[in-house]
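Peer 1: Structure in structure tokens, see below.
The values are calculated or read from the model by the stated rules, or taken from the named source; none is laboratory data. Predicted model, so just to flag it, every value in this text is computed and none were measured. As a convention, Cβ positions derive from the backbone with ideal geometry for all residues, glycine included, and neighbour counts pool all protein chains shown.
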Amino acid sequence: MQRYPDIGFFLSFFPHEPATLPGDDAELRRWIDGQKLGELEVIYLVGLIGYALPKELADWLGEKKERALVFIEENLGAFASFKDEGLLENPQIHLVYAQEDPIEDLAQRFPVDKLGVYVPEGRVFDALLLQRRSAAFSALYSDVLYSHLLVKNALVNGTRLPECFEANRWKNAFEGIPAIICGAGPSLEKAIPVLKEAGEKALIIGCGSAITALTRAGVQPHLAFAFDPNDEEVDRLKQSQFFAGPFLFGLRLHSDVFATTAGPFGYLKSDTGGWVEGHLEKTLGLGGEAIGPDLGSEAFSATTLAVSYARFLGCNPILFCGVDLAFSGGERYATGVEAEPLSLEDPRALEKSLQRKDIHGKPVETLLKWVMESDAIGAYAKNHPETQFLNACGAGLGFKGVENVSLQETLSRKKGIDLSGKIHCLVETSRLQVKDVEVQELYGRLKSSLSRCKELCVKIGKAWETNPSSGRLVLFEGDFREEESYHCFLEGIDLALERILTRYFPHLDPEVAKQERQVAKYRELFVQIERIETSLNRSRVCSEVSGC
């Protein structure tokens, strides 16, 4: 147990009885036969084994060095009986003593969304929870590692800030007024007649694809809400008929979305755009509280963000409409939203198909990510009892602790108010105090700083490769981390790579492993810098700055 000193410590000082390990691999082989091993990045086996590792798993590990096999064992005596030196010394194989619930630690240690979990009969382990927590961390790290795409959007969208209003200044502006959070689920279609008559009774918020579904059905939401950086967001909003109206966004939003509507555009501070968003906000003086962090790590969508914003506005009650989070009636979206069909072979944990009961107690197909979103909204509602949350979808998963109601009956008791006029006044009186010249100066500084980061990155990488004990290496790394562009663009990538590269460079010698990881890290940072440079040079404002 030299490789596992913590387990060795427990074996030396805590009482235990050697356990009998399972000697028959038939059950594990049946599980293997049901898996598409080539699509998995990490495999968890609950319980140590007393037989040879099946050839299929050994071959799977050997195909890619970044794959990992993790044994989870709660019985200390099982480690005393485990004698397979080949498994103990394989740097791609990891033994975990589950003295306490290991799920959160494992999810952070191996943040992947393509994982398999083998739980033998007679063992108790929450495999689904491990999948959802791993997927949540994977989404976080993926955002960081592909942040050059977010940076591209943020830099272009940042040039729009001087023309925007500040949505974070509307705190309690709609106190006591109902809000209807509209998703694009299949049940939205039945609510359209009621929504057409609800314009003066409730604040209608269209989220993402729901903007398209609503407007093509003749409903103009009071506020449009979009934050996704993917191409699908652009494609769906191109189909919408939201030609003008308050459109709330974050810096991460795909920059092409702005061509689909005339606005006015409202910037919403939400902590969804990573390090670059935070740096731009701080430097340009965009203060106020961020919307959404209290939703938790399993809330991924614009819909959940809209829930937090509605409460920020003081809306009460907050109703859900079209937020099915399930394939109600076998459909994914409401009429009016055209989308690519889902892949039945998607190996990602978030896209895992599940069977659950809907609000009527009937079985319905859903996805793991939708179950997570339903749980996140239910938990958010529970944490804010001062606000009434009501589910008016009439279908779908619903939300734990949230009452199911009729949208028409709920709104029939509400008085009318000129919401459009109120919104117009708020837009005109909450313009962002950001000037073009301030954005230009910031981008110019970042460009110069990024050039210095690039030079330092090369020097640091060479030092790690040739002389990792050099005093100059320490100085280079210190200078690198003091650069403004490091804090704006690279710090999050640096931290994410430190976590992720451990799996990509398995080695029994910790010093050799560290050196290999650091060399690889700075090579990747160099690639990221070049991508960010391209985005910075192509941004509209940077093109107006001398030297860009």
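Peer 1: Mind checking whether some residue in the range 466-479 is crowded, with 17+ Cβ neighbours inside 10 Å and within 30 Å of Leu69 (Cα to Cα)?
Peer 2: No - not one qualifying residue is present in the range 466-479.
Peer 1: Output the residue which, of all residues in the range 345-365 that are in contact with a helix residue (DSSP H, G or I) (Cβ under 8 Å, 6 or more places away or on another chain) and part of a loop (DSSP other than H, G, I, E, B), is farthest from Val402 (Cα to Cα).
Peer 2: Checking each candidate, the answer is Pro347.
Peer 1: Do the conditions hold for Asp358, that is, is it outside the structural domain of Pro111 (by TED's automatic domain parsing), over 28 Å from the mean Cα position of the chain (by Cα), farther than 28 Å from Thr159 by Cβ and among the acidic types (Asp, Glu)?
Peer 2: no
Peer 1: Filter the range 323-370 for residues that are aliphatic (A, V, I, L, M) and modelled with pLDDT of 95 or more and give the result.
Peer 2: The answer is Val323, Leu325, Ala326, Ile359, Val364.
Peer 1: Looking at (1) surrounded by 14 or more Cβ atoms within 10 Å (Cβ to Cβ); (2) at pLDDT 95 or above, find the lone condition where Phe505 falls short.
Peer 2: (2)
Peer 1: Show me the helices (runs of 4 or more DSSP H) found entirely inside the range 201-308 where at least 2 residues are small (Gly, Ala, Ser) and at pLDDT 90 or above.
Peer 2: Once the helices (runs of 4 or more DSSP H) in the range 201-308 are filtered for at least 2 residues that are small (Gly, Ala, Ser) and at pLDDT 90 or above, what remains is 209-216.
Peer 1: So, one more: Need pairs with beta-carbon distance below 8 Å; first residue surrounded by 18 or more Cβ atoms within 10 Å (Cβ to Cβ) and within the range 116-145, second among the acidic types (Asp, Glu) and assigned to a helix (DSSP H, G or I); sequence gap 6+ or separate chains.
Peer 2: Arg133/Glu104
Peer 1: For the range 95-114, which positions are crowded, with 21+ Cβ neighbours inside 10 Å and within 17 Å of Gly47 (Cβ to Cβ)?
Peer 2: Result: Leu106, single match.
Peer 1: Which one is nearest to Leu319 (Cα to Cα) among residues in the range 162-183 that are of a type outside the set (D, E, K, R) and touching an Asp or Glu at 6+ places or on another chain (Cβ under 9 Å)?
Peer 2: Gly183
Peer 1: If you check Thr366, Thr410, which single one turns out to be of a type in the set (Val, Ile, Thr) and in contact (Cβ under 8 Å) with a residue 60 or more places away in the chain?
Peer 2: When all the criteria are applied, what remains is Thr410.
Peer 1: Right, next: Look through the range 174-213, keep the residues that are within 26 Å of Val427 (Cα to Cα) and hydroxyl-bearing (Ser, Thr, Tyr), and return whichever of them is surrounded by the most Cβ atoms within 10 Å (Cβ to Cβ).
Peer 2: The residue in question is Ser209.
Peer 1: Now for a separate question. Is it the case that Ile532 is surrounded by 15 or more Cβ atoms within 10 Å (Cβ to Cβ), in contact with a Phe, Trp or Tyr (Cβ under 8 Å, 6 or more places away or on another chain) and over 30 Å from Leu106 (Cβ atoms)?
Peer 2: Criteria met by Ile532.
Peer 1: Look through Gly401, Gly416 and report the one residue that is under 33 Å from the mean Cα position of the chain (by Cα), surrounded by fewer than 15 Cβ atoms within 10 Å (Cβ to Cβ) and assigned to a loop (DSSP other than H, G, I, E, B).
Peer 2: Only one candidate qualifies: Gly401.
Peer 1: What number of residues in the range 102-120 are assigned to a loop (DSSP other than H, G, I, E, B), under 27 Å from Ser81 (Cβ atoms) and either modelled with pLDDT under 95 or under 17 Å from the mean Cα position of the chain (by Cα) (or both)?
Peer 2: Going through the range 102-120 one residue at a time, the tally reaches 1.
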